[in-house]
1. Is one or more of the residues making up the stretch 126-139 over 27 Å from LEU78 (Cα atoms) and out of contact with any helix residue (DSSP H, G or I) (no Cβ under 6 Å at 6 or more places or on another chain)?
2. Given the structure, is TRP146 over 30 Å from VAL32 (Cβ atoms) and of a type in the set (Phe, Trp, Tyr)?
3. On the basis of being in a helix (DSSP H, G or I), under 30 Å from LEU62 (Cα atoms), at pLDDT 80 or above and open to solvent by 100 Å² or more (accessible area, probe 1.4 Å), does TRP26 make the cut?
4. What are the residues in the stretch 140-159 that are of a type in the set (A, V, I, L, M) and open to solvent by 20 Å² or more (accessible area, probe 1.4 Å), if any?
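The values are calculated or read from the model by the stated rules, or taken from the named source; none is laboratory data. Not measured: the values here are computed from a predicted model. Cβ atoms come from the backbone with ideal geometry, glycine included; neighbour counts cover every protein chain shown. Accessible surface areas use protein heavy atoms only, side chains included; no ligands, DNA or RNA. Shrake-Rupley method; radii C 1.70, N 1.55, O 1.52, S 1.80 Å.
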Amino acid sequence: MADAPTPRSGWPKLLKWGLFALAGSWLAWRIVILGMANQYAQELSDPEAALGWLADHPDAHLELGLREKNADIAIDHLRVAIDANPAEGRAYAALGRLLESGGEVGQARQAMETAARLSPQRSDVQMEVAAYWMRQGDLDRALAHWNTVLRHRPDLHARVFPALLQLAGD
């Protein structure tokens, strides 16, 4: 006698589609949240609004850290930006500048070295690092960073050469 086919329940198929719909809904929600946060952060006219959509948005915290007049609050914003995106050299350069002005020389040096390593082709970061080494009296390192700036951005000769002439005069 042949085995009679057993009736199959529709639960596995229903469960599969339910999980698929749940995952799709979560992805759609995440895309909207990130998109809105990025929209506000890219415009950077309202980084607080970007933080309303995504509390640890790195660009918004970087912008707030650059705008903030209170050094302690600015440092907090920059540290959050670094935690959210540890590959952003601009945040390390800004943090290094604030730490240097606060007298934390060792941490400032580490932040500037990290900024230079992470952003070798960003002329704004390399100029900040060069200025840091000039203030520290390490002219060889400053010249190396000025050279990097001029190699990647020859259009900045007019901005860089006065600083180099001042350096040569000193």
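1. yes
2. Working: over 30 Å from VAL32 (Cβ atoms): yes; of a type in the set (Phe, Trp, Tyr): yes.
Answer is yes for this residue.
3. Working: in a helix (DSSP H, G or I): yes; under 30 Å from LEU62 (Cα atoms): yes; at pLDDT 80 or above: yes; open to solvent by 100 Å² or more (accessible area, probe 1.4 Å): yes.
Yes, satisfied.
4. From the stretch 140-159, those of a type in the set (A, V, I, L, M) are 142-144, 149-150, 156, 158; that's our starting set.
Within the stretch 140-159, LEU143, ALA144, LEU150, ALA158 qualify.
Residue-by-condition table, conditions (1) at pLDDT 70 or above; (2) assigned to a helix (DSSP H, G or I); (3) loosely packed, with under 13 Cβ neighbours inside 10 Å:
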position: ALA2; (1), (2), (3): no, no, yes
position: PRO7; (1), (2), (3): no, no, yes
position: PHE20; (1), (2), (3): yes, yes, yes
position: SER45; (1), (2), (3): no, no, yes
position: ASP59; (1), (2), (3): yes, yes, no
